[in-house]
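All remarks here apply to the structure that follows.
The values are calculated or read from the model by the stated rules, or taken from the named source; none is laboratory data. As the structure is a prediction and not an experimental result, all values here were calculated from the model. As a convention, Cβ positions derive from the backbone with ideal geometry for all residues, glycine included, and neighbour counts pool all protein chains shown. Only protein heavy atoms, including side chains, enter the accessible area calculation; ligands, DNA and RNA are left aside. Shrake-Rupley method; radii C 1.70, N 1.55, O 1.52, S 1.80 Å.
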Amino acid sequence: MTTGVDVTSGARTVAPPAQTQNKQDAQTSKIMARLLRDYVRPHWSTLAMAMLLMALTAGTTTALASLLDPITAMFTRKDPHMLLLIPAAAFGILCLRAASMYGQQTMIDSLGERVVAEAQRDMFASLVHDDLARLNAVHSGQFVSNFLYDATQLRDAITRGVAAAVLETLTLIGLASIMVLKDWKLTIFALIVAPLVAWAMGRIGGSLRRASARSMEETATLTTALTEALDGRRIVKAYGLEDHVSERIGAQLGSRLRFLLKAVRRRAAAMPVADVFMGIVVALTLYYAGYQAIHGEIEINQLMAFVGSMVLALQPVRNLSQVSAITSSGLAAAQRVFDLVDSKPAIVDRPGAAALDVRATGGAVTLRDVGFRYTADTEAAVVKDLSLDIAAGSKVALVGPSGAGKTTIFGLLLRFYEIDNGAVAIDGHDIRDVTLHSLRGAIALVTQDAILFDESVADNIALGRPGASRAEIEAAAKNAAADEFIRNLPQGYDTRIGEGGLKLSGGQRQRVAIARAMLRDAPILLLDEATSALDTESERQVQDALTRLMKGRTTIVIAHRLSTVQDADRIYVLDKGRVVESGTHAELLAKGGLYARLYQHDLTDGA
Ligand SMILES: Nc1ncnc2c1ncn2[C@@H]1O[C@H](COP(=O)(O)OP(=O)(O)O)[C@@H](O)[C@H]1O
Ligand SMILES: [Mg+2]
């Protein structure tokens, strides 16, 4: 099972030893600073407006609390003037509060959604621009879970976390100032407990962050298992593996649930813990206040205002107790988002790289003593001392047993990977000296499985050259022997190809892919077993299309059926990453070596 967890180093978080706590705090504030700088700052005016409205909301809460004094006075002194004034004031304050809460909520939430969308855009752009090796290493399921869940946790950190912190802090300041005005000695009582609450919340937050990091890791594995099971649906059905994959997903859900539940308990703990501390404060204050009142040292309306403010302060404290928990998991997610965004491709244009222009020169391909291994720690090189000479406009075939390194050579030509020794050149230009864009623009690749996207047929062909006209698309399709069947589709060229091109047969899909390569009109053509997945009848049609595609281009063909490359100008026979023979079909047969044996084998196979 592929987990590819390395992409998110944050997901590997384990309980930090006590001495690294400071380091972690520094790390946390760095993530926070970056989040604010990169994603929140562009929306600073929305944020400023939202904060202004939060201040207004906090102000209305304070105003309500300060009404308690005159309200009590109204009852005790029976003042008829107050009878109209106070209800009107209460109504006015509540209306203002409603309006400011609406404004603040919509502003902060839309800010959160914008941040999510921007983070997701950055995540995908970074991933898709990364090296093929990295893309291969990251399982798509892993990425999807990062993409969907991490980004939303980040949003919650901003909207629920930061916003609540600002609003509730302002509210507490407002209420506390009323309490101080009414009785400063009593206020000190209430404040004694504040550091205790903060400490407890920090503990809960840290534990929650670890639990949610682990549950994210499990979510990534789950998405991976899900995509695998669905991608392999034909095999699952054919082999009767439904129960097996259901069990596998079930087990994965189970281990994810463990961490989710832990996170649930941590999150739920924050408020009750805050409540218990507040309970201590309330009890102590009530006792002290009651004592004062009994001994006549405090007026009843003052006391009402004080106790009322204290009760109103309960909710902000409870909300604040959640802030650390929410921002904790949000920051863990932000770390994973940043890890992904920060990953830079290793294969890039060298400074001052020129554009490769082979249209005039034709596109001769040379490999000189090329050596390559996929990973530094593997023993054997995949390609060793490999030299190929392919004249512009010629057709060359690479043949050899499976695993010989043929597909790898295509990857090296396209500079998907960097070679370890030797040189690869096109028309005498080392491919490391030209821009990647122009290099890949000079090459069209057709592989065994035609990759089609869930778009219209015309759009799929146009991917070969974005911006091509409809007439050019149709001409390419005609050349690829695809025009006829495309016209017979329900909406012709505008028919949408279903997920994975399910509505088309293998041969049809391959001809759409060939039309795409036709349109690309690149001087160099790479065919990697382009017909090997097809039946004999579609193979013949596709082969015809390919023959037209090859005309006038430098073509390198990897063929599984040797009969299809007999006409090649030169055939290279590869084995274990080396060229073991080369020559024309006739020369190689006469030699009686590996090629002759493979050819004999092909014939007796009846292929
Ligand atoms: N992405 C990869 N990472 C590591 N090893 C690979 C990768 N792709 C291919 N290989 C290995 O390189 C060797 C050559 O593979 P390949 O070029 O696909 O052979 P061919 O196309 O001739 O069948 C094989 O041993 C294969 O296992
Ligand atoms: Mg291959």
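Computed values, structure above
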{"quantity": "Distant-in-sequence amide H partners of residue 383 (H built 1.01 Å from N, under 5 Å)", "calculated": "372"}
{"quantity": "Interchain or long-range residues, amide H under 5 Å from residue 525's placed H", "calculated": "444, 554, 555, 556"}
{"quantity": "Residue-normalised accessible area of the stretch 539-597, given per residue in Å² at a 1.4 Å probe", "calculated": "46"}
{"quantity": "Loop-resident sites, the stretch 449-553, for trypsin sites (Lys or Arg not before Pro), counting at most 14 other Cβ within 10 Å (DSSP)", "calculated": "551"}
{"quantity": "The chain: relative contact order as a whole-number percent, Cα under 8 Å and 6+ apart", "calculated": "15"}
{"quantity": "Under 5 Å, built H, 5+ apart or other chain: amide partners of residue 397", "calculated": "557, 570, 571, 572"}
{"quantity": "DSSP beta bridges in the chain [antiparallel fraction, %, rounded to 5]", "calculated": "50"}
{"quantity": "Highest to lowest packing among 320-330, 53-63, 427-437, scored as the average C-beta count within 10 Å", "calculated": "320-330, 53-63, 427-437"}
{"quantity": "Over the stretch 506-607, relative contact order from alpha-carbon pairs under 8 Å, at least 6 apart, %", "calculated": "21"}
{"quantity": "Carbon + sulfur, % of accessible area of the chain - ligands and nucleic acids excluded, 1.4 Å", "calculated": "60"}
{"quantity": "Karplus 3J(HN,Hα) series, Hz, for the stretch 448-457 with 6.51 cos²θ - 1.76 cosθ + 1.60 (x for Gly, Pro)", "calculated": "4, 9, 6, 8, 10, 9, 6, 9, 6, 4"}
{"quantity": "Per-residue [θ]222 nm for the chain (sum of -39500 (n - 2.57) over DSSP H runs n ≥ 4, rounded to 500)", "calculated": "-20500 deg cm²/dmol"}
{"quantity": "Extreme residue, positive dipole direction of the stretch 28-342, given options 99, 225, 65 (C-beta unit charges)", "calculated": "225"}
{"quantity": "Dipole magnitude of the stretch 28-342 about its Cα centre (Cβ charges: Lys, Arg +1; Asp, Glu -1), debye to nearest 20", "calculated": "340"}
{"quantity": "Cα gyration tensor shape for the chain, rounded if a/c is under 1.5, else prolate or oblate", "calculated": "prolate"}
{"quantity": "Rounded to the nearest 10 Å², the accessible area of residue 118 at probe 1.4 Å", "calculated": "40"}
{"quantity": "Rounded to whole Hz, the Karplus (6.51, -1.76, 1.60) HN-Hα couplings of the stretch 420-433, x for glycine and proline", "calculated": "8, 9, x, 8, 10, 9, 10, 6, x, 9, 4, 5, 7, 9"}
{"quantity": "For the stretch 134-176 versus the stretch 429-508, the gap between their alpha-carbon centres in whole angstrom", "calculated": "40"}
{"quantity": "Percentage relative contact order, the stretch 28-342, counting C-alpha pairs under 8 Å, at least six apart", "calculated": "33"}
{"quantity": "Karplus-derived 3J(HN,Hα), 6.51/-1.76/1.60, for each residue of the stretch 589-600, Hz, glycine and proline x", "calculated": "4, 4, 5, x, x, 4, 4, 4, 5, 4, 5, 4"}
{"quantity": "Computed label-point distance, nm, for sites residue 521 and residue 389 using a 7 Å Cα→Cβ extension", "calculated": "3.2"}
{"quantity": "Values of log10 I(q)/I(0), in the order q = 0.08, 0.13 Å⁻¹, for the stretch 28-342 under a Debye, Cα-only, solvent-free model", "calculated": "-0.51, -1.01"}
{"quantity": "Average accessible surface area per residue within the stretch 28-342, 1.4 Å rolling probe, Å²", "calculated": "50"}
